[in-house]
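Asker: One structure, as structure tokens, below. Some questions next.
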Amino acid sequence: MSAGPRKKLMYLNRRAPGGTIYAVEGLEVVLIGAAFDQDVCMAFVGDGVYQLKAGQDTSDSGVKNFSPAYRALGDYDVNRLYVERESLEERGLGVDDLMPLTWEDEDDDWAEKPSIHVVDRAELARLIDAQDVVFNF
Amino acid sequence: MKIGLLVNEGPYQHQAADTAFQFAQAAIEKGHEVFRVFFYHDGVNNGTRLATPPQDDRHIQRRWTALAEAHGVDLVVCVAAAQRRGICDPDEAKRNGKDADNIAPGFRISGLGQLVEAAIECDRLVTFGD
């Protein structure tokens with residue numbers, strides 16, 4: 001949609017999926033932003049790692065469970081989701097507790113590949129530093 | 001420099017709207033271009049013309065409107081966030097069967113694409129919120 005060179009955009013998710021609206025409205029920006037054909041990644045730090053937790057059930061709260069929408073990210077070419085290792089460990093979580101999000105690589109015979117990459121804090125800092133734009137939600 | 005602003009919190013409840021306004025004003029005074037201010041999350045509440053703050057306090061909405069009128073700053077309220085929170089212009093009111101609209105002068109309602117476009121087009125996107 002935009003003519004100029006592609007920019008590196010990161011959507012940095014810092015908050016739990018429930019309790020506030022930031023996570024779901026942040027995800028809405030990612031899905032809309034996918035139409036702009038930029039170099040996009042997402043990062044999950046702090047309570048933001050809970051956004052990717054498998055088996056979310058909001059039925060008792062009366063709030064819509066939007067976590068299935070993360071499974072659509074691969075279809076939107078959003079296929080680099082960086083999760084901070086320390087944030088997982090601090091919450092007693094591992095990658096096995098997260099949704100098994102994948103994407104299909106059209107340059108590799110549509111091989112299904114994992115979208116989630118666990119990175120340590122120092123590596124995430126380098127990734128953030130390399131972006132043109134960081135959206136904070 | 002071409003600058004985009006993102007305001008994520010409501011007026012009075014949070015400092016974000018004040019700081020964003022002061023930043024925009026200072027940037028313009030320094031000769032920068034404020035390409036757009038995008039209001040998201042509870043930030044959309046900056047765009048209602050129905051707020052009546054105490055007379056001896058600042059009027060946040062009117063301050064934004066004056067900025068738009070004086071400098072042509074594009075004030076955009078996210079439509080999806082606005083619908084959730086009851087901010088609507090005449091078109092939105094009609095489309096959704098509402099009996100009134102409340103958008104303030106100088107503001108317009110549009111989609112999230114306007115935020116992403118600002119991020120791509122601007123030299124900097126500056127976020128105001130928690």
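All of the numbers you see were taken from the coordinates with simple rules; none came from a lab. In this text the structure is predicted, and so the values were computed from the model without any measurement. For neighbour counting, all protein chains shown are included, and Cβ atoms are generated from backbone atoms with ideal geometry for every residue, glycine included.
Asker: Restricting to segment A:8-136, what percent of DSSP beta bridges are antiparallel, rounded to 5?
Answerer: Antiparallel: roughly 25 percent of the beta bridges in segment A:8-136.
Asker: If r is the Cβ-Cβ distance from B:Y12 to B:E121 and R0 is 30 Å, what FRET efficiency results, to the nearest 0.05?
Answerer: Calculated transfer efficiency: 0.50.
Asker: Amide H neighbours of B:T127 under 5 Å, counting only residues 5+ apart in sequence or on other chains, H built in-plane at 1.01 Å?
Answerer: B:L6
Asker: So what is the relative contact order of chain B, in percent, for Cα pairs below 8 Å that sit 6 or more residues apart?
Answerer: 36 percent
Asker: Please list, by residue number, everything in segment A:121-135 whose backbone N is under 11 Å from a paramagnetic label point 7 Å out along Cα→Cβ of A:E90.
Answerer: A:121
Asker: Taking every DSSP beta bridge with both residues inside the protein assembly as shown, roughly what % is antiparallel (nearest 5)?
Answerer: 15 percent
Asker: Which of A:M10, A:M42 has the fewest other C-beta atoms within 10 Å, and how do the rest follow up to the most?
Answerer: Listed from fewest to most nearby Cβ atoms, that is A:M10, A:M42.
Asker: While we're here: Based solely on its DSSP helices, what 222 nm [θ] is calculated for the protein assembly as shown when runs of n ≥ 4 H residues each add -39,500 (n - 2.57) and the sum is averaged over all residues, nearest 500 deg cm²/dmol?
Answerer: -8000 deg cm²/dmol, from helical runs alone.
Asker: Can you compute the modelled spin-label distance between B:D130 and A:A16, with each label point 7 Å from Cα toward Cβ, in nm?
Answerer: The modelled label-to-label distance comes out at 1.2 nm.
Asker: If you average the sequence gap of Cα pairs under 8 Å that are 6 or more apart and divide by the length of chain A, what percent do you get for the contact order?
Answerer: 31 percent
Asker: Then there is this: How big is the dipole moment of chain B about its Cα centre under a simple scheme where the beta carbon of each Lys and Arg is +1, that of each Asp and Glu is -1, and everything else is neutral? Debye, nearest 20, please.
Answerer: Charge dipole of chain B: 160 debye, to the nearest 20.
Asker: Can you figure out the FRET efficiency of B:E69 with A:V119, using R₀ = 35 Å and their beta-carbon distance, to the nearest 0.05?
Answerer: The calculated FRET efficiency here is 0.15.
Asker: Please give, to one decimal in nm, the separation of the simple spin-label points placed at A:D97 and B:K98, each 7 Å out from Cα toward the Cβ.
Answerer: 4.0 nm
Asker: Provide, in order from the shortest bin, the percent of all Cα-Cα pairs of segment A:31-118 in each 10 Å bin, continuing until the bin that contains the maximum pair distance.
Answerer: 16, 45, 32, 7, 0
Asker: Put +1 on the Cβ of each Lys and Arg and -1 on the Cβ of each Asp and Glu in chain B; which of B:N96, B:L50, B:A80 then has its Cα farthest toward the positive end of the dipole?
Answerer: With unit charges placed on the Cβ atoms, the residue in question is B:N96.
Asker: Rank the residues A:L101, A:L73, B:L6 as a footprinting-exposure proxy: fewest other Cβ atoms within 10 Å of their Cβ go first.
Answerer: A:L101, A:L73, B:L6
Asker: Amide H neighbours of A:L98 under 5 Å, counting only residues 5+ apart in sequence or on other chains, H built in-plane at 1.01 Å?
Answerer: A:A54
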